[in-house]
Amino acid sequence: MKIRVRFAPSPTGHLHIGGLRTALFNYLYARKEGGQFILRIEDTDEERSTQASTDAIFQGMLWAGLNWDEGPFPDGSVKGEYPPYFQAARWEQGVYQKYIDGLLAEGKAYKCYCTPEELGDMRAKAQAEHRPPRYEGRCRHLTQEQVKRFEAEGRKPVVRFKMPAEGETVFNDLIRGEVRFANKDLYDLVIRKTSGIPTYNFAVVVDDYLMQISHVIRGDDHISNTPAQLRIYDALGWRPPVMAHLSMIHGPDGTKLSKRHGDTSVIEYKKQGYLPQALINYLALLGWSTPDSQQIFAAGELERKFDIKGCQKSPAVFDPVKLLWMNGEYLRAMDETQLYAAARPFIDDAGVARGADAEFLRKIIMLEREKYKTLKEIPDLISFFFTDKVQFDHEAVNKVLKQEGAKKALEAVIAKYSVLADFSELPLEAAARAAAKENGLKAGQVFHPVRVAVSGRTNGPTLFKMLEYMGRDKVLARMQAALELCS
Ligand code: GLU
């Protein structure tokens, strides 16, 4: 069997973290099995589908490196043998109508003329009588006269699919095992709206079949749609794909992941300075694991190791703290060139280090690599290297520069550093220690004022490396200026 899987998002909002996880598992399955990964845009919801959302899907997937083999691309091009890959365009080409006509002709579907008000009344009545509020099939057996009357009234029908009232729909889910639904719990769902556009449950069946999808890997929230879809496959005489439903993603409080838990939009993670590799690594572990619970995967390793048998049934918990940790791990694993390339857009965006020499900036970025958790923190951590004047943190001034001995310490260091032959880390440290000793101060009583004087902060990179990189002129000028703040 040729392995063909698809990610089939509805473009009705941003690309959600859960959507990216679904896309990822499909992508990994295709790569592992040597299959094809298809992107299909399910834009049959005329009111909610937007171009901006389609763009966000493209952008998010490309940023995350989930390259698809077939489907539409942002430049308008298309790859694959089954175009178009937008359902609205497929509808315009009449892809779905003939199957709906076929089901109508065979009596497997029927036109329903019930108005929204009538349906509302039926639901209310069912609720009052403690029955499930589903469509009971009033239009299943309309006479010619009734149809004529409805048409004369100008009612526009939908088409409903006739669900069997008895028996069971059973399928073998690759992740959940055997799943059974009683057919009496299914209802005659709408497969074509009054606008003539098919509903999701119908279009998805036709497209998965026509595009020869071998495996449907999607979120658990669709498991309740599966029996209805399987009935439609059956009615059309088609063999359904293998089903695999991924566990839901919950927030740390055990409820479905939503805005309340923080950012859920993929692009927001990009903006917050997460690396796509780190986010992908993290998402891969949401509902999947290797037998030895490996946490960090080298490039290409997920594609080799992914195994759908390692997917779990129970909900996965999205833990932002772990994601942040993982991002830090990925940042630390980068070399100077990679980190510079990744950090540069954030530095430019923040307007820090304008006009700085690229070689110098690279070195400065590397100075604090151990501390970074996101790319977004970098500009602020390095900004003091590039400002004309030091921006002093008030507390640092009060706690350090206003302390007794601070002025004496700075003066002694200025004297030493003005004549230091080699302005590099080790001699800088030795000179500062000598200044302390000669003035009866502890090392810390000298180091702290120096740090605050040149950076305005109490925390930062390793002190003497930082002074070396900053250079004698700047260091002396800043210490001189800081003398005024000492009491
Ligand atoms: N368009 C559906 C969604 O975005 C796709 C569900 C499926 O994969 O069948 O939820």
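Express as a percent, rounded to the nearest 5, the fraction of DSSP beta bridges in the range 1-93 (both residues included) that run antiparallel. Walk me through the intermediate numbers first.
Values: 2 of 8 bridges.
DSSP beta bridges in the range 1-93 are roughly 25 percent antiparallel.
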Count, lysine Cα pairs under 13 Å in the range 405-445, 8 or more residues apart or across chains: 4
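Ranked from highest to lowest mean number of other Cβ atoms within 10 Å per residue, what is the order of the peptides 242-251, 321-330, 289-298, 172-181? Could the numbers behind the result be given before it?
Working: 242-251: 20.3, 321-330: 17.3, 289-298: 12.4, 172-181: 14.3.
In decreasing order of mean packing, 242-251, 321-330, 289-298, 172-181 become 242-251, 321-330, 172-181, 289-298.
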To the nearest 10 degrees, how steeply does helix 116-128 sit against the main Cα axis of the chain, on a 0 to 90 scale? 90
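Scaled to the compact-protein estimate 2.2 N^0.38 Å, what is the alpha-carbon radius of gyration of the range 348-487, rounded to two decimal places? Could you put the intermediate results ahead of the total?
Values: Rg = 14.8 Å, N = 140, 2.2 N^0.38 = 14.4 Å.
Normalised by 2.2 N^0.38 Å, the Cα Rg of the range 348-487 equals 1.03.
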For the range 392-437, compute Rg over Rh where Rg is the Cα radius of gyration and Rh is the Kirkwood radius from the inverse mean 1/r over Cα pairs. 1.05
Per q in 0.13, 0.15, 0.33, 0.34 Å⁻¹, report the Debye log10 I(q)/I(0) for the range 44-86, using one uniform scatterer on each alpha carbon and no solvent. -0.30, -0.40, -1.18, -1.19
Karplus couplings for the range 288-300 from phi (6.51 cos²θ - 1.76 cosθ + 1.60, θ = phi - 60°), rounded to Hz, Gly and Pro as x? 9, 8, 8, x, 9, 6, 4, 9, 10, 10, 6, 4, x
What number, rounded to the nearest 500 deg cm²/dmol, is the helix-based mean residue ellipticity at 222 nm of the chain, given -39500 (n - 2.57) per DSSP H run of at least four residues and division by all its residues? -13000 deg cm²/dmol
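Report the net charge of residues surrounding ALA350, where surrounding means a beta-carbon distance below 12 angstrom and charges are Lys +1, Arg +1, Asp -1, Glu -1. Numbers along the way, then the final one.
Details: positive: ARG344, ARG354, LYS376; negative: ASP348, ASP349, GLU377, ASP380.
Summing Lys/Arg as +1 and Asp/Glu as -1 gives -1.
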Straight-line reach from LYS156: which lysines have a Cα under 29 Å away, not including same-chain ones fewer than 8 places off? LYS98, LYS108, LYS111, LYS125, LYS148, LYS184, LYS193
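Does the range 246-310 come out rounded, prolate or oblate by the C-alpha gyration tensor, with a ≥ b ≥ c the root eigenvalues, rounded set by a/c under 1.5 and, if not, prolate when a/b is larger than b/c and oblate if not?
On the way: a/c = 2.68, a/b = 1.33, b/c = 2.01.
It is oblate, given that a/c is not under 1.5 and a/b is not larger than b/c.
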For the range 361-487, what is the relative contact order in percent, using Cα pairs closer than 8 Å and at least 6 residues apart in sequence? 35
Could you give the angle, 0 to 90 degrees to the nearest 10, between helix 406-419's Cα long axis and the longest principal axis of the Cα atoms of the chain? 80
Just to check, using Stokes-Einstein with a Kirkwood Rh over alpha carbon pairs, what's the diffusion coefficient of the range 1-103 at 37 °C and 0.692 mPa s in µm²/s? 230
Which order do peptides 36-47, 160-171 fall in by mean Cβ count within 10 Å, highest first? 36-47, 160-171
Alpha-carbon centroids, the range 175-206 and the range 275-306: separation in whole Å: 33
If Lys and Arg each add +1 and Asp and Glu each add -1, what is the summed charge of the other residues whose beta carbon sits under 9 Å from the beta carbon of SER49? -4
Could you calculate, for the chain, the ratio of the Cα radius of gyration to the Kirkwood radius, expressed as Rg to Rh? 1.17
State, as an integer percentage, the relative contact order of the range 16-73 based on alpha-carbon contacts under 8 Å between residues 6 or more apart. 47
If you line up the long axis of helix 443-455 against the longest principal axis of the chain, both from Cα atoms, how many degrees apart are they, to the nearest 10? 60
Run down the aspartates and glutamates and flag those whose C-alpha is under 17 Å from the C-alpha of LYS162, throwing out any fewer than 8 positions away in its chain. ASP101, GLU106, GLU136, ASP185, ASP188, ASP234
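Pairs of alpha-carbon atoms within less than 8 angstrom and 6+ residues apart define the contacts here; what relative contact order does the range 286-337 have, in percent? Could the numbers behind the result be given before it?
On the way: 21 pairs, mean separation 23.9, N = 52.
Averaging sequence separation for qualifying contacts and normalising by length gives 46 percent for the range 286-337.
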Compute the semi-axes of the equivalent ellipsoid of the range 292-363, taking the square root of 5 times each eigenvalue of the Cα gyration tensor, and list them largest first in whole Å. 35, 15, 9
Checked against a 32 Å limit on the C-alpha separation, the offending pairs among LYS2/LYS313; LYS2/LYS322; LYS402/LYS474 are LYS2/LYS322
When DSSP assigns beta bridges and you keep just the ones with both residues in the chain, what percent turn out antiparallel, to the nearest 5? 55
Would you compute the Debye intensity of the range 176-268 from its alpha-carbon atoms alone, equal scatterers and no solvent, and pass along log10 I(q)/I(0) at q = 0.10, 0.19 Å⁻¹ to two decimals? -0.36, -1.01
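Taken together, the values in this text are just the output of simple stated rules run on the coordinates, not laboratory data. In this text the structure is predicted, and so the values were computed from the model without any measurement. Virtual Cβ from ideal backbone geometry, glycine too; neighbours counted across all protein chains shown.
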